[in-house]
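In what follows, a single structure is set out as structure tokens and then discussed.
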Amino acid sequence: MASHTLAPFPEELLAAKKQIREQARSYGLDFFPVIFEMCDYEQMNQIAAYGGFPQRYPHWRFGSEYESLRKRHHYGLGRIYEMVINNDPCYAYLQESNALVDQKLVIAHVYGHSDFFKNNLWFGHTNRKMMDEMANHSTHVRKHIERHGYDTVEKWLDVCLSVEDLIDPHSMFLNRGPNDAKREDAKREEPIAKFKSKDYLDRWVNPPDKLEAEAKRLRDEKAKMRHATPSRPTRDVLLYLLEHARLEDWQADCLSIVREEAYYFAPQGMTKVMNEGWASFWHSTLMSKHFVTASEIIDYADHHSGTVHMPPGNFNPYKIGIELFRDIEDRWNKGKFGKEYEEASNLGEKKRWDKGLGLGREKIFEVRRVYNDVNFIDEFMTPEFIEKHKFYQYGRDPHTGQLRIVSRDPQRIKQTMLYQLTNLGRPFIYVVDGNYCNRGELFLAHKHSGLDLEIKFATETLKNVYKIWQRPVHLQARIDDDMILYTFAGDQVKQQTIHDDLPKPAHQLG
């Protein structure tokens with residue numbers, strides 16, 4: 001990939017940057033110091049291919065992404081106006097070929113992002129020095145390449161990256177820890193259940209040899225539970241593999257790097273709608289009132305509308321995010337919330353409702369601080385909002401191939417959107433047993449949350465988990481109404497319907 005010296009920041013933008021920064025602060029935005037740098041389109045594509053960082057470990061997927069971005073730019077299918085990194089200080093890259101009005105819009109947009117990174121709860125545990133950490137990761141991987149060869153390390157990274165989504169983004173905020181209560185229960189002696197009887201009949205109703213056999217069975221089960229791993233299903237599959245798989249040091253280091261970067265990027269996936277909506281809300285607010293000259297109005301309006309345009313059947317986080325923040329501000333300014341408003345039965349009364357509370361700006365800052373995309377949309381995307389913006393559910397007509405509306409039901413539309421956003425649209429996979437059937441085999445389970453598992457991708461991933469675990473691996477999944485167990489032991493993926501005679505923990509999740 002190309003690499004050139006970054007261009008100096010233009011003098012004409014320095015004054016505008018300072019004015020936009022101070023105006024943003026006057027509105028209450030609180031952001032990290034932002035370092036802006038200018039790039040040509042090749043540098044911008046290179047940094048974008050690296051996920052927004054100027055340096056990453058060597059791997060073919062970064063080169064592939066660079067070629068894809070370069071071709072999109074070359075054929076006029078899209079261009080990158082800016083990139084901004086969650087870091088302290090925050091780094092932002094501007095494309096030098098942008099018009100002045102675009103640069104000002106992007107600078108305002110960046111300050112919105114930086115405020116979101118700094119203040120949103122879901123970014124609270126991310127590494128704020130990730131620029132340095134990415135460089136460290138690059139150094140580590142290059143040393144492994146020197147010792148073990150490029151092809152060997154790259155193939156191992158392929159395996160690690162195929163499972164990078166198998167983390168638990170909520171674990172940063174919850175002490176899931178070992179299930180101590182379960183372990184204590186395993187140590188506690190339970191009284192043996194006995195049938196009620198007269199004393200003189202007890203030896204026949206509750207034979208001592210039967211009671212002793214039952215007691216032994218319970219002791220054996222509890223002993224097995226004490227040594228079970230994990231003590232309860234865990235979503236952080238990568239951590240479990242790091243702690244229990246038989247890996248060489250360099251392999252564990254690569255997997256650890258992939259896991260650390262996955263946790264860094266996870267909040268960005270969990271808040272895409274909010275983050276882009278917040279940045280768009282503020283670039284719109286700042287630019288429309290302060291930083292657009294008469295000669296720039298048409299260009300600004302054209303570029304802003306292009307950013308938030310959402311054709312039928314598409315999903316544009318900029319559009320949904322900015323409109324929801326605007327709607328929340330308007331509703332809380334007018335008092336369109338709470339029991340009294342919800343119980344108003346007259347539609348005309350609701351439309352005219354205005355208590356003059358003026359709480360809108362305070363409310364959107366509160367929302368920006370504590371929500372992620374799922375609860376943001378779940379709580380604030382009302383049926384009135386869906387109808388106002390004509391958010392319908394679309395599908396392809398099987399005869400004509402044309403898009404058509406398949407549902408106008410607000411609840412169904414919102415639910416479909418939430419399915420796509422929950423866990424970044426990826427399946428919930430848990431480690432349930434690391435010693436399945438006492439054979440050292442790994443038992444994984446898919447928790448069905450409304451969307452079926454993509455079997456093609458799941459089975460390929462299962463093969464890569466096998467390469468890490470180095471023993472047979474199993475995946476339990478509900479397909480239609482059946483519970484299926486997929487198994488890979490090094491040859492080909494096998495499947496069987498789970499019946500009651502299959503050893504536990506089959507049926508534990510689903």
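Kindly check whether there is at least one residue in the stretch 492-510 that is of a type in the set (S, T, Y), at negative phi and exposed (fewer than 13 other Cβ atoms within 10 Å of the Cβ). Checked the stretch 492-510: at least one residue is of a type in the set (S, T, Y), at negative phi and exposed (fewer than 13 other Cβ atoms within 10 Å of the Cβ). Note on the stretch 67-105: residues that are in contact (Cβ under 8 Å) with a residue 60 or more places away in the chain and part of a helix (DSSP H, G or I) total 6. Going by the structure shown, is T382 of a type outside the set (K, R), at pLDDT below 95 and surrounded by 15 or more Cβ atoms within 10 Å (Cβ to Cβ)? When the stated conditions are applied, T382 passes them. Return the only residue of L157, L121 being in contact (Cβ under 8 Å) with a residue 24 or more places away in the chain, among the hydrophobic types (A, V, I, L, M, F, W, C) and in contact with a Lys or Arg (Cβ under 8 Å, 6 or more places away or on another chain). So the residue among L157, L121 that is in contact (Cβ under 8 Å) with a residue 24 or more places away in the chain, among the hydrophobic types (A, V, I, L, M, F, W, C) and in contact with a Lys or Arg (Cβ under 8 Å, 6 or more places away or on another chain) is L121. Candidates in the stretch 234-270 are the residues that are more than 15 Å from L424 (Cβ to Cβ) and among the polar types (S, T, N, Q); of these, the one that is surrounded by the fewest Cβ atoms within 10 Å (Cβ to Cβ) is S256. Taken over the stretch 361-376, residues that are within 21 Å of P410 (Cβ to Cβ) and in contact with a Leu (Cβ under 6 Å, 6 or more places away or on another chain) amount to 2.
Taking the conditions (1) in contact with a strand residue (DSSP E or B) (Cβ under 9 Å, 6 or more places away or on another chain); (2) buried (at least 21 other Cβ atoms within 10 Å of the Cβ); (3) over 24 Å from L424 (Cα atoms) in turn, L286 satisfies each one other than (1). Hey, any hits in the stretch 417-428 for a residue that's in contact with a strand residue (DSSP E or B) (Cβ under 8 Å, 6 or more places away or on another chain), buried (at least 16 other Cβ atoms within 10 Å of the Cβ) and within 21 Å of T234 (Cα to Cα)? Yes - at least one qualifying residue is present in the stretch 417-428.
Screening the stretch 241-278 for residues that are β-branched (V, I, T) and assigned to a helix (DSSP H, G or I) and picking the one that is nearest to F380 (Cα to Cα) gives V273.
Entry remark, the stretch 64-110: residues being among the polar types (S, T, N, Q) and surrounded by fewer than 21 Cβ atoms within 10 Å (Cβ to Cβ) number 4 in total.
Looking only at residues of the stretch 289-306 that are free of Cβ contacts under 8 Å to residues at least 12 places away in the same chain and of a type outside the set (V, I, T), we find that the one that is surrounded by the fewest Cβ atoms within 10 Å (Cβ to Cβ) is A294. Against the list (1) more than 23 Å from I85 (Cβ to Cβ); (2) in the same structural domain as G51 (by TED's automatic domain parsing), the condition S295 fails is (2). If the condition is being among the charged types (D, E, K, R) and more than 21 Å from T293 (Cα to Cα), then the stretch 1-53 contributes R25, D30, E37, D40, E42.
The set of residues in the stretch 16-72 that are farther than 30 Å from L157 by Cβ and in contact with a Leu (Cβ under 7 Å, 6 or more places away or on another chain) comprises I20, Q23, A24, F36, M38.
Taking each residue of the stretch 400-416 that is under 14 Å from I377 (Cβ atoms) and looking for partners that are at pLDDT below 85 and surrounded by fewer than 14 Cβ atoms within 10 Å (Cβ to Cβ) with beta-carbon atoms closer than 7 Å, six or more apart or interchain, yields I413/S407. Evaluated against (1) part of a loop (DSSP other than H, G, I, E, B); (2) modelled with pLDDT under 90; (3) in contact with a Gly (Cβ under 9 Å, 6 or more places away or on another chain), F31 falls short on exactly one condition, (2).
You will find that of V273, V292, the residue that is closer than 26 Å to I405 by Cβ and in contact with a Phe, Trp or Tyr (Cβ under 7 Å, 6 or more places away or on another chain) is V273 and no other.
Here's the yes/no breakdown for (1) touching a residue at least 40 places away in the same chain (Cβ under 8 Å); (2) in a loop (DSSP other than H, G, I, E, B); (3) more than 23 Å from L157 (Cα to Cα); (4) not hydrophobic (A, V, I, L, M, F, W, C):
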residue	(1), (2), (3), (4)
N435	yes, no, yes, yes
S449	no, yes, yes, yes
T461	yes, no, no, yes
N464	yes, no, no, yes
R471	no, yes, no, yes
Q476	yes, no, yes, yes
Q492	no, yes, no, yes
Q495	no, no, yes, yes
L502	no, yes, yes, no
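Return a yes/no flag: does the stretch 159-167 have any residue that is crowded, with 18+ Cβ neighbours inside 10 Å, charged (D, E, K, R) and under 29 Å from I298 (Cβ atoms). The answer is no, given that none of the residues of the stretch 159-167 is crowded, with 18+ Cβ neighbours inside 10 Å, charged (D, E, K, R) and under 29 Å from I298 (Cβ atoms). Looking at the stretch 307-375, the helices (runs of 4 or more DSSP H) lying wholly inside it that each contain 1 or more residues that are surrounded by 13 or more Cβ atoms within 10 Å (Cβ to Cβ) and modelled with pLDDT under 95 sit at 317-334, 338-343, 347-352.
Residue check: F337 meets all listed conditions (1) closer than 21 Å to Y27 by Cβ; (2) in contact with a helix residue (DSSP H, G or I) (Cβ under 7 Å, 6 or more places away or on another chain) but one, namely (1). Any residue at all in the stretch 448-458 that's under 20 Å from L242 (Cα atoms) and under 20 Å from the mean Cα position of the chain (by Cα)? Checking the stretch 448-458: not a single residue is under 20 Å from L242 (Cα atoms) and under 20 Å from the mean Cα position of the chain (by Cα).
Table: residues versus (1) under 28 Å from F265 (Cα atoms); (2) at pLDDT 85 or above; (3) surrounded by fewer than 16 Cβ atoms within 10 Å (Cβ to Cβ); (4) hydroxyl-bearing (S, T, Y).
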{"position": "Y430", "(1), (2), (3), (4)": "yes, yes, no, yes"}
{"position": "E441", "(1), (2), (3), (4)": "no, yes, no, no"}
{"position": "F457", "(1), (2), (3), (4)": "yes, yes, yes, no"}
{"position": "W469", "(1), (2), (3), (4)": "yes, yes, no, no"}
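Exactly one residue out of L161, L157, L166 is over 20 Å from S64 (Cα atoms), among the aliphatic types (A, V, I, L, M) and either in a helix (DSSP H, G or I) or at pLDDT 95 or above (or both): that is L166.
The values are calculated or read from the model by the stated rules, or taken from the named source; none is laboratory data. The shown structure was predicted, so the numbers you read here are calculated from the model rather than taken from an experiment. No Cβ is skipped: glycine too gets one built from the backbone with ideal geometry, and neighbour counts run over all protein chains shown.
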